[in-house]
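Below is one structure, written out as structure tokens; the observations come after it.
The values are calculated or read from the model by the stated rules, or taken from the named source; none is laboratory data. Owing to the predicted nature of the structure, the values given are computational and were not obtained by experimental measurement. A quick note on method: Cβ atoms are made from the backbone with ideal geometry, for glycine too, and the neighbour counts reach across all protein chains shown.
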Amino acid sequence: MKYYVDGLASSPEALHGSFQLYRAFGATSAQNAERMSRRLPMPVLAMGGAESVGAMAADTMKLTADDVQTLAIPDIGHCLPSRLRTSSSRR
């Protein structure tokens, strides 16, 4: 967590950029609604940390895809990339 806090505190631009995701929710919601009008023809792998969203990512993808595989990764929370590296190295 300290790594992320230090990164955001490193400059006003970093902090500003981190908020852009939330500022774009309105546009993203409209884009997602339009995308749902066409089913995805390819297989989809939906991953989530078991300690956070788990199978929720797959449930969401099933709204627009027929062939959805679910991977809920044990002992992982919200941020897969930062935790997966350390989790997979323990096995």
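Here the range 76-91 is the region considered, the condition is being out of contact with any Phe, Trp or Tyr (no Cβ under 9 Å at 6 or more places or on another chain) and either part of a loop (DSSP other than H, G, I, E, B) or modelled with pLDDT of 85 or more (or both), and the residue that is surrounded by the fewest Cβ atoms within 10 Å (Cβ to Cβ) is ARG91.
Count of the range 1-15 residues, restricted to those that are modelled with pLDDT under 90 and more than 18 Å from HIS78 (Cβ to Cβ), is 7. Among helices (runs of 4 or more DSSP H) entirely within the range 1-75, having at least 2 residues that are surrounded by fewer than 11 Cβ atoms within 10 Å (Cβ to Cβ) and not β-branched (Val, Ile, Thr) singles out 2-9, 12-23, 25-35.
Residue under question is SER29, and the condition is that it be in the same structural domain as TYR3 (by TED's automatic domain parsing) and touching a Leu at 6+ places or on another chain (Cβ under 8 Å); does it hold? No: the conditions fail for SER29.
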